[in-house]
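Have a look at the structure below before the remarks.
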Amino acid sequence: MSSSPAAELHPIFNTTWTTFTLPLLHNFPLTSASLKPHSKRFLQLLRGLNTRGVLLPSVTATTEAARTGALQSCIWDLLPAPYNGVSITVNYEHTSYKTLLLSDGGKTKPGFTRFPLLLSRFPAQIRGMLLEYLETNFDTLPLPLQLPEALLRGCLEGYVAETGGGGREVALIFGGKAEGLKRITITLSGEDVAGFWQRREGGRFLDVLGGHLEEVMGLRIDEMELQKVASGGFVMAVEGKMKFFEGGGEAVIEAVFQEAAKSLLYLESE
């Protein structure tokens, strides 16, 4: 007697994403059936068919095609809980690319759909075509979502507080705020992370780490910018790249949603 298959991992996990904020979409379809026409129309764009009187260049004619193989399908479909929204998947013979439009459950006005966070793993050319498609068809304005240093620091502190280091290695990349200061990578074993956490005495993990680095290396990380965090729960970089891992990235996902929502409020007030 065979055992039942394990639950499928949500597609938000284990993929490196480029982040965008997405203001309200007008008349966006919210059923699998109503999304199918957009699957077909975007596939036509990818095949370089004539759309709105403009013949777009064929993605399959690029050098990327030698690695990906032939374009096979494009699928727009609803995402499962707990991170609801829409997935857009482009399938080639040898690989697949995905973009997620994610809902934060916030209220919106009639006729509009709220997907404040867009996570994309599309190659640049296809991603540009998708952003233009969303802007043209749903009266929105996708914009890159930069991740402020304060968000990286806060997510790191939260992750360490929740896991006590989790027995996993943590890598931090700092960049100099002043001219002449280069990027510095600091890698901590899980044991070291736990040790610094235990020494915090009510303070912050980064304060304890900073004090240690200043004492042994003369390095003041409080005068530098935290540009990237790589841990067992998530990877995040200020330029808008991130990756989430199940069992450690959930709180980080919520923090990124909040950051996207702040940007959304600013855009909608314009």
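Output the residue which, of all residues in segment 93-119 that are of a type in the set (Val, Ile, Thr) and out of contact with any strand residue (DSSP E or B) (no Cβ under 7 Å at 6 or more places or on another chain), is surrounded by the fewest Cβ atoms within 10 Å (Cβ to Cβ).
Start the filter on segment 93-119 by keeping residues that are of a type in the set (Val, Ile, Thr), which leaves 95, 99, 108, 113.
With out of contact with any strand residue (DSSP E or B) (no Cβ under 7 Å at 6 or more places or on another chain) added as a condition, the list becomes 95, 108.
Numbers: 95: 11, 108: 14.
Across segment 93-119, the extreme among qualifying residues is 95.
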Filtering segment 13-55 down to residues that are of a type in the set (Gly, Ala, Ser) and in a loop (DSSP other than H, G, I, E, B), which residue is modelled with the lowest pLDDT? 53
Some residue of segment 149-157 being aliphatic (A, V, I, L, M), assigned by TED's automatic domain parsing to the domain that holds residue 222 and touching a Ser or Thr at 6+ places or on another chain (Cβ under 8 Å): yes
Test for residue 168: is it among the basic types (Lys, Arg), closer than 19 Å to residue 251 by Cα, surrounded by 14 or more Cβ atoms within 10 Å (Cβ to Cβ) and modelled with pLDDT of 95 or more: no
Among the residues of segment 120-147, write down those that are hydroxyl-bearing (Ser, Thr, Tyr) and in contact with a Lys or Arg (Cβ under 6 Å, 6 or more places away or on another chain). 120
Mind listing whichever residues of segment 75-92 are more than 16 Å from residue 246 (Cα to Cα), touching a residue at least 40 places away in the same chain (Cβ under 8 Å) and surrounded by 18 or more Cβ atoms within 10 Å (Cβ to Cβ)? 76, 86, 87, 88, 90
Those residues that are at pLDDT 55 or above and part of a loop (DSSP other than H, G, I, E, B), I need them from segment 56-77; list them, please. 63, 64, 69, 70
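The values are calculated or read from the model by the stated rules, or taken from the named source; none is laboratory data. Computed from a predicted structure; not experimentally measured. When we count neighbours, we look across all protein chains shown, and the Cβ atoms used for this are built from the backbone with ideal geometry, even at glycine.
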